[in-house]
1. What 222 nm value per residue comes from the helices of the chain, counting each DSSP H run with n ≥ 4 as -39,500 (n - 2.57) and dividing by all residues, nearest 500 deg cm²/dmol?
2. If contacts are Cα pairs under 8 angstrom and at least 6 residues apart, what is the relative contact order of the chain in percent?
3. If the convex hull of the alpha-carbon atoms of segment 48-136 is projected onto planes in all directions, what is the mean projected area in square nanometres?
4. Angle, helix 137-155 long axis vs. longest principal axis of the chain, Cα atoms, 0 to 90°, nearest 10?
5. Can you give me the orientation-averaged projected area of the convex hull built on the Cα atoms of segment 9-48, in nm²?
6. I want to verify the translational diffusion coefficient of segment 158-230 in µm²/s; compute it with Stokes-Einstein, Rh as the Kirkwood radius over Cα pairs, at 10 °C and 1.306 mPa s.
7. Once Rh for segment 93-187 is found with the Kirkwood sum over Cα pairs, what is the Stokes-Einstein diffusion coefficient at 25 °C and 0.890 mPa s, in µm²/s?
8. Could you give the length gained by full extension between ASN68 and PHE38, i.e. 0.36 nm per residue of separation minus their alpha carbon distance, to one decimal place?
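Here, each number is a calculation from the coordinates, and none is a lab measurement. Note that the coordinates shown come from a computational prediction; the quantities given were computed from them, not determined experimentally. Cβ sites come from the backbone with ideal geometry, for glycine too, and all protein chains shown count toward neighbours.
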Amino acid sequence: MKCPFCSNSETQVMDSRVSENGDSVKRRRKCVSCEKRFSTFETVEIKMPSVIKISGAREEFSLEKIQNGFSKALYRRPVNSSDIDLSISNIHNSIYNLGKREVNSNYIGQLVMNELMKLDKVAYIRFASVYKDFKDIDDFGTEINNIKSQDWEKLFNKDEKKYMRMVLNLAKKGLYSSMPNPRVGCVIVKNKQILSEGWHVKPGDDHAEIVALKKCKKKNQRSYNVCKFRTL
Ligand SMILES: [Zn+2]
């Protein structure tokens, strides 16, 4: 480190101090020639990749643009700022950790959507409508249905999904006969074993779960400590 006063190239470090948040080091130095003192700061250099826009043009990565996108999408939404900061820093880190010199703007948009989806579904839809360039109300409907089906996926584990599919298929059997009642299916499960199943056939007949429970009884299976899966 050259002395800023006399340009002598030899300096002596008198003191080193790490900053409070740990991201920089301050060093107090003394020039061995003119003996004047000065400080230097050392920080990590983070080189973010440049962004390739859809048009093919390159631009500098801008965290501010991402922050703006977040604040527009989250306008008046009940999300606290520390969660927002965490999301933005997740995006920043994901892009940095790619270790690439260039990154597609699409990729960044996708990261933003993933984070917004976790934070707030309304904000997600707002952002997606602009980002994916929704043309009409049907585009909103499609996206909202996607969100709902993803939630459905998260609600159940693998076995439970299997039972729910069975139940939905059972319910379908009553598609026409059960009217005007809703179509309902039910399976009774104990320790991952299906004890019985039932569906609602027609108005006035036993409901799906009664059908299933009666079958259990017939087989002399006790229907306690069981799991009942049914639609409706
Ligand atoms: Zn000097």
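1. -14000 deg cm²/dmol
2. Relative contact order of the chain: 10 percent.
3. Quarter of the Cα hull surface area: 5.8 nm².
4. 80 degrees
5. 3.6 nm²
6. Value of D from the Cα-based Kirkwood radius: 131 µm²/s.
7. The calculation lands on 147 µm²/s.
8. Full extension from ASN68 to PHE38 adds 6.9 nm.
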